[in-house]
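What follows draws every value from the coordinates through simple rules; no lab data is involved. From a predicted model like this one, the values you see are computed outputs, not experimental measurements.
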Amino acid sequence: METYGFTRSVSQRRLYRECGVKWYHRYVGGWTLKTKKAQYQFGNIIEQVCGEVIMKAITSPTAASTRFSELWDPYRMDATLTYRQNLTWKTLNDRGKILAQHICVQLPNVIRVDDWYQLQQQLRYRIGEADELCYLDFCGFGRQDASEPWKFGILDFKTADRTEQQTLVEKDEQLTTYQLAVETNFNRKVEWLALFRCIWTTEPKIQVLWTPARTPEEIEKFKAAAIDVDRQIKAGVFHENQSACHAWGGCQYQPLCFPSQKHRLDTELIQDPRKIGGELDTDIEI
């Protein structure tokens, strides 16, 4: 009997809660889209720029802008990237160059890299009986403003098309799992959590949202919820959430679930044999 006992992640649990059948198609069936949203690749490149600023490979706003262009230019004619209405390669190129300059100026003001830090690391640990995997952007010393002392914490890089309220950071599951992973792997007490959000609006900007580290009670609540999902998965419970079938324009797995849509299967989806049965741990949120 299949136990589905492979490595877990926040991304997995989020998808499982959205729809069990969708989770099954992705993690057991190995099905994925043939195309990728352009803003996702854009986000990966912005994250790379953040990392190079931290490592001091980029030391000026002009160099940051140039580096972004170098990384983004190969995707100018990439047919596998899809763009939503009124969004083009050039739009993201123009805004990305400005964002890169903002990153170079603002990121060094909130973190200190002349002390111990970790950058863009895969971390493994356990929750209950499940192995966990996450991709950490940055942990080290930082502060909200110059009037505060430097404290140890976690910064997560994000790209978005709008600013958000403070509440976004306070219950972010990804930050919670980072705290668990860092405290487990490095034996260091996390004091703060933050989202470094690169906003690609018409006037690009940086939004940094801070919150104190999760309390022991919050950590235990998070772990209990994760263990509950793990138990359901191992028990083979994969309920279909039909309300998710047509949300946000339609689930990507409609060709697998709806007989009338099977003609879309060959053009929209691909089954990666390496990912069948959850054998390849690549689908983690970054």
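Scalar couplings 3J(HN,Hα) for region 224-240, obtained by applying the Karplus form with A = 6.51, B = -1.76, C = 1.60 to θ = phi - 60°, are 4, 5, 5, 5, 4, 5, 4, 5, 5, 4, 5, 7, x, 8, 10, 6, 7 Hz; x denotes Gly and Pro. Taking one quarter of the surface of the convex hull spanned by the alpha-carbon atoms of region 39-144 gives a direction-averaged projected area of 9.1 nm². Across region 37-223, Cα pairs under 8 Å and at least six residues apart give a relative contact order of 19 percent. Rounded to the nearest whole Hz, the Karplus-based 3J(HN,Hα) values (6.51 cos²θ - 1.76 cosθ + 1.60, θ = phi - 60°) of region 24-39 follow the sequence 4, 4, 6, 9, 9, x, x, 7, 8, 5, 6, 10, 9, 5, 4, 5, with x at glycine and proline. Near Lys151, which lysines are there with a Cα under 16 Å away, not counting those fewer than 8 places off in the same chain? Within the straight-line cut-off, Lys151 pairs with Lys189. Computed over the chain, the per-residue total of -39500 (n - 2.57) for DSSP H runs of n ≥ 4 gives a 222 nm mean residue ellipticity of -11500 deg cm²/dmol, rounded to 500.
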